[in-house]
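Participant: Attaching a single structure in structure tokens format; questions to follow.
The values are calculated or read from the model by the stated rules, or taken from the named source; none is laboratory data. Source: prediction; values computed, not measured. Counting neighbours? That spans all protein chains shown, and the Cβs are built from the backbone with ideal geometry, glycine included. Note: areas computed on protein heavy atoms with side chains; ligands, DNA, RNA excluded. Shrake-Rupley method; radii C 1.70, N 1.55, O 1.52, S 1.80 Å.
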Amino acid sequence: VKANGRNGLQLFQEEMAQRSMQHFTLEAALRNAIDNHELEVHYQPKVDVKTGAICSSEALLRWTHPELGHVSPAKFIPLAEENGLIESIDQWVMNQVCQQLKQWQTQGIAVTTAINVSPISLRHRNLVKEVKDLLNHYDIQPELLQLEITESAFIDDIEGVATQLKTLNDFGVTVALDDFGTGYSSLSYLALLPINELKIDGSFIQNIPDCKNSDMLFKAITGMAKNLKLKVVVEGVETQRQLDYVKQLGCDVVQGYLTGRPSTASVLEAALLKQNAL
Ligand code: C2E
Ligand code: CA
Ligand code: CA
Ligand code: CA
């Protein structure tokens, strides 16, 4: 079929070329993001369900490109995982967070902060040495650092990863299993990795408490986590109704827009100082 003189195949090829061009531009832009100081670490509070106090935080990466504007990590993290940039990105974030933890330490603020570690980084890097070197360098207690392991990518060397995580865990660094209930192999990860904290993916709370299936799944997951003596964090809590539900189930921690959006270090710092003063 001819359309404006071009046939379907040509249109298809043009579209593909355009798409890979966009992909290429984004990748090229991402390559320079660290050097051009376009990346910033934001922090989202994790809140104790019983007391309502901020008990820890999660570091979330933000990228603002001069022309592209804000690019979501949901977009650029998978790209970075594809092209290998994720290792230097994760390394950069880890360094920034340790620097921040050090600064907070001098202000008398101690807040355990979690960083997201891609399975790709886990596979390629000597994580144990890297984390220990950083903690030593900034003179930070290992208990202040947490690693969140996502299931977004398949971990092929699970034994190798388990060994590294166990060493870090013995050292005092805690480990959270992120996005629980989605992705590849939640249950086998639980069995094989040294997990301290289980983060129930935000998609589960969305249908609560109206959907019977979600409700049952939620109860099953939290029951299992309790039996395994894991701390339960519920992600994506946006409404009071959801918080009440989570409270009633006896979950330990919530993280979501209701209790605090991801924001700059100074915003979290102000909240923590206010809390300490109470
Ligand atoms: P994640 O680790 O599951 O992080 C939680 C995501 O949910 C964040 O999205 C956060 O902004 C969002 N969120 C928090 N509370 C709510 C809520 O109440 N409702 C809704 N709808 N969303 C909420 P964000 O910051 O866009 O990050 C997306 C994903 O990108 C993260 O998912 C994580 O897998 C990845 N990511 C972010 N920063 C890093 C990083 O420094 N390194 C690595 N490797 N991955 C990262
Ligand atoms: Ca996470
Ligand atoms: Ca998550
Ligand atoms: Ca996620």
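Participant: Would you point out the residue of region 258-278, among those that are open to solvent by 80 Å² or more (accessible area, probe 1.4 Å) and among the charged types (D, E, K, R), that is modelled with the lowest pLDDT?
Facilitator: Lys274
Participant: Output the residue which, of all residues in region 105-130 that are under 14 Å from Leu145 (Cβ atoms) and without any contact (Cβ under 8 Å) to a residue 60 or more places away in the chain, is farthest from ligand 4 (Cβ to nearest atom).
Facilitator: For region 105-130, the residue satisfying everything is Gln105.
Participant: Taking Arg241, is it in contact with a Pro (Cβ under 8 Å, 6 or more places away or on another chain) and charged (D, E, K, R)? Give the steps one after another, and end with the answer.
Facilitator: On the way: in contact with a Pro (Cβ under 8 Å, 6 or more places away or on another chain): yes; charged (D, E, K, R): yes.
Yes, satisfied.
Participant: Residues in region 113-125: is at least one more than 9 Å from ligand 1 (Cβ to nearest atom), under 30 Å from Thr259 (Cβ atoms) and at pLDDT 95 or above?
Facilitator: yes
Participant: Determine whether Ala162 is open to solvent by 40 Å² or more (accessible area, probe 1.4 Å) and of a type in the set (A, V, I, L, M).
Facilitator: It is false that Ala162 is open to solvent by 40 Å² or more (accessible area, probe 1.4 Å) and of a type in the set (A, V, I, L, M).
Participant: Checking the condition more than 21 Å from Asp48 (Cβ to Cβ) and more than 22 Å from the chain's Cα centre (by Cα), which residue from Ala162, Ala191, Ala220 passes?
Facilitator: Going through Ala162, Ala191, Ala220 in turn, the sole match is Ala220.
Residues are listed down the side, and each one gets a yes or a no for (1) at pLDDT 95 or above; (2) under 30 Å from Leu249 (Cα atoms):
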site	(1), (2)
Val49	yes, yes
Ser72	yes, no
Glu87	no, no
Asn95	yes, no
Gln99	yes, no
Lys102	yes, no
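Participant: Scanning region 218-228 for residues that are in a helix (DSSP H, G or I) and closer than 23 Å to Ala162 by Cα, which turns out most open to solvent (accessible area, probe 1.4 Å)?
Facilitator: This residue is Asn227.
Participant: While we're on this one: I'd like the residue in region 165-217 that is β-branched (Val, Ile, Thr) and in a helix (DSSP H, G or I) and, out of all such residues, is farthest from ligand 3 (Cβ to nearest atom).
Facilitator: In this case the residue turns out to be Thr167.
Participant: Hey, another quick one. If Gln107 passes every condition in (1) open to solvent by 20 Å² or more (accessible area, probe 1.4 Å); (2) in contact with a strand residue (DSSP E or B) (Cβ under 8 Å, 6 or more places away or on another chain); (3) polar (S, T, N, Q) but one, which one does it miss?
Facilitator: Answer for Gln107: the failing condition is (2).
Participant: Among residues belonging to region 229-242 that are out of contact with any strand residue (DSSP E or B) (no Cβ under 6 Å at 6 or more places or on another chain) and touching a residue at least 12 places away in the same chain (Cβ under 8 Å), point out the one that is most open to solvent (accessible area, probe 1.4 Å). Outline the logic, then answer.
Facilitator: Step one: of region 229-242, the residues out of contact with any strand residue (DSSP E or B) (no Cβ under 6 Å at 6 or more places or on another chain) are 229, 236, 238-242.
From what's left, touching a residue at least 12 places away in the same chain (Cβ under 8 Å): 236, 238-242.
Working: Gly236: 24, Glu238: 91, Thr239: 59, Gln240: 98, Arg241: 139, Gln242: 12 Å².
In this case the residue turns out to be Arg241.
Participant: Just for region 243-257: of the residues that are part of a helix (DSSP H, G or I) and open to solvent by 80 Å² or more (accessible area, probe 1.4 Å), which one is nearest to ligand 2 (Cβ to nearest atom)?
Facilitator: Lys247
Participant: Something else: Would you tally the residues in region 75-94 being near ligand 1 (Cβ under 9 Å from one of its atoms) and acidic (Asp, Glu)?
Facilitator: 2
Participant: Could you tell me which numbered condition Ile77 fails, if it satisfies all but one of (1) in a strand (DSSP E or B); (2) touching a residue at least 40 places away in the same chain (Cβ under 8 Å)?
Facilitator: (1)
Participant: Could you identify the single residue in Glu148, Glu197, Glu143 that is buried (at least 21 other Cβ atoms within 10 Å of the Cβ), under 18 Å from the mean Cα position of the chain (by Cα) and of a type in the set (Asp, Glu)?
Facilitator: Numbers: Glu148 fails: buried (at least 21 other Cβ atoms within 10 Å of the Cβ); Glu143 fails: buried (at least 21 other Cβ atoms within 10 Å of the Cβ).
On inspection, the qualifying residue turns out to be Glu197.
Participant: Okay, next question. Consider region 49-73. How many of its residues are open to solvent by 40 Å² or more (accessible area, probe 1.4 Å), small (Gly, Ala, Ser) and under 20 Å from Gln275 (Cβ atoms)?
Facilitator: 1
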